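*Asks:* Provided herewith is a single structure, encoded as structure tokens, for subsequent inquiry.
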Amino acid sequence: MGLNAPAHAAGYGTPTLSLSASYLSGAVGATGDPVVTVTVGQSGADASALTVVASASTRPSVAGTGDVAVTGTGATRQVAVAAHGRGYTDLTLKLTGLGGKSVTKTLHYAASAAVQYASDTRYFTGSSDASAAVDVGGGYIVVADDESNTLRLYDRSASGAPARTWDFSSQLGVGKEIDIEGAARVGDTIYWTGSLGNNKDGEYKADRNTVFTTTVTGSGASTQLALGRSYKKLRDDLVAWDRANGDRYGFAAGTAAGQAPKQIDGFNVEGLEFAPGSATTAYVGFRAPLVPPADGGKALIVPVTNFDKVVDSGVKAVFGAPIELDLGGLSIRDIRKNSADQYLIVAGSWAADDNSDPYALYSWDGVAAHAPVKLRDLPTSDPGGWEAVVDVPDLSVPGARAQLITDDGSADLYGDGTDAKDLTHPEWKKSRATWFTVTG
């Protein structure tokens, strides 16, 4: 054999290259975008001698080979993409082994547009329809989705896929979406509520009239949820209560066949939190109706004074005096309090297609006779609608920050006219979580 012949080549096997995910989403100008883990190997070779690079891109205007960074050594590497344009591209990742042998894999990449507050923004992937969130400690949160019944555990400081998921549909006896819209935590119990309204076509769907609890054990990445109890007649109780009080809020009409929920005189619940100092009285916050149902109307909260027993024992709901809040003509999209009974309210439109309508953040002390105070407007130029407050900081401290999450289900994230909820690949679905300064 000649001196220049690769006598050693036959001693190496075919290189192997695998990706932790074949689909990846990022955003232009994002901080801490999700990454893909690459596992490499070649029999007869030290993995640290193998080279991984991006060798081609179908749309360099979105992300080219120079926008792909491969880090790490040995058998495991990390691939990150820094997009500079909105849209899709297929990136070819090439592993070059010893003996002149190589192998390629395709990473299907999608980039959404740059957003305001990019350095304070993270993206929770796997779902685009975030609708409620609860802090479970250790830097993690559980996020609900109004298009499925899956609860997802995320690291609130990082972009990426959920660390864990739970779907209690079969145990709850539901076959369709509950349309989870509100959540509140008391001790180790999280209460979750469906919207209680009709679907968008005005049809009654029984599964949406579901309130249930989960019990939390552990915290952070070790969080576990177990299903507790459920109640499926809160909508009926609310309608009966309103009828007994002269149809003051039009709940019977708002739940009638053919009545869409997201109308100014509709019926749609999106907020849930407990009253000041109480573990039994829950505030049920309405996206619709406004009261009265006209421009400039007030947002509605109906207290349920025995909420714990309603869910735990199945007794009929008992209601307190309703609360009407002036949120500048907006309604409740979420309500959350801290241990000092300081509340934050996300206010938004009652309308169904309201991504560009105003959103604002209000503080409140939970006392019916006291008016909420507007803290700030929320950006509406970016995709999605603000749907969830993760937790409430000490609002007496200047410069306090709170994390809010969007429902991006109806947003065209990648510029191809496809709503995020309709994307084929869950890795491309995502909701946006942004930290805002809310005081001072």
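The values are calculated or read from the model by the stated rules, or taken from the named source; none is laboratory data. Keep in mind that this is a model prediction, so the values were computed, not measured. Glycine gets a Cβ as well: all are built from the backbone with ideal geometry, and neighbour counts include every protein chain shown. SASA here: full protein model, heavy atoms, side chains in, ligands and nucleic acids out. Shrake-Rupley method; radii C 1.70, N 1.55, O 1.52, S 1.80 Å.
*Asks:* Which count do you get for residues in segment 92-101 that are surrounded by fewer than 22 Cβ atoms within 10 Å (Cβ to Cβ) and not charged (D, E, K, R)?
*Replies:* Here the count works out to 5.
*Asks:* Please enumerate the residues belonging to segment 290-318 that are assigned to a loop (DSSP other than H, G, I, E, B), touching a residue at least 60 places away in the same chain (Cβ under 8 Å) and either of a type in the set (Gly, Ala, Ser) or in contact with a Ser or Thr (Cβ under 8 Å, 6 or more places away or on another chain) (or both).
*Replies:* LEU290, GLY314, ALA317, listed by residue number.
*Asks:* Restricting the search to segment 127-138, which residues are open to solvent by 10 Å² or more (accessible area, probe 1.4 Å), in a strand (DSSP E or B) and small (Gly, Ala, Ser)?
*Replies:* The answer is GLY137, and nothing else.
*Asks:* Is there a residue in segment 270-280 that is out of contact with any strand residue (DSSP E or B) (no Cβ under 8 Å at 6 or more places or on another chain), surrounded by fewer than 21 Cβ atoms within 10 Å (Cβ to Cβ), within 25 Å of ALA402 (Cα to Cα) and touching a residue at least 60 places away in the same chain (Cβ under 8 Å)?
*Replies:* Checked segment 270-280: at least one residue is out of contact with any strand residue (DSSP E or B) (no Cβ under 8 Å at 6 or more places or on another chain), surrounded by fewer than 21 Cβ atoms within 10 Å (Cβ to Cβ), within 25 Å of ALA402 (Cα to Cα) and touching a residue at least 60 places away in the same chain (Cβ under 8 Å).
*Asks:* Which residue is surrounded by the fewest Cβ atoms within 10 Å (Cβ to Cβ), if the candidates are limited to segment 102-126 and must be more than 22 Å from SER410 (Cβ to Cβ) and in contact with a Gly (Cβ under 8 Å, 6 or more places away or on another chain)?
*Replies:* Only one residue tops the list, namely VAL103.
*Asks:* Output the residue which, of all residues in segment 381-411 that are open to solvent by less than 50 Å² (accessible area, probe 1.4 Å) and polar (S, T, N, Q), is farthest from GLN342 (Cα to Cα).
*Replies:* Among residues in segment 381-411 that are open to solvent by less than 50 Å² (accessible area, probe 1.4 Å) and polar (S, T, N, Q), the one farthest from GLN342 (Cα to Cα) is THR406.
*Asks:* Now, a different point. Kindly evaluate THR89 against the criterion of being farther than 22 Å from PRO162 by Cβ, surrounded by 18 or more Cβ atoms within 10 Å (Cβ to Cβ), of a type outside the set (A, V, I, L, M) and at pLDDT 95 or above.
*Replies:* Considered against the rule, which asks whether it is farther than 22 Å from PRO162 by Cβ, surrounded by 18 or more Cβ atoms within 10 Å (Cβ to Cβ), of a type outside the set (A, V, I, L, M) and at pLDDT 95 or above, THR89 comes out as yes.
*Asks:* Another question, then. Restricting attention to segment 209-235, report how many residues are under 13 Å from GLY314 (Cα atoms) and either free of Cβ contacts under 8 Å to residues at least 40 places away in the same chain or not in a strand (DSSP E or B) (or both).
*Replies:* Total satisfying the criteria: 4.
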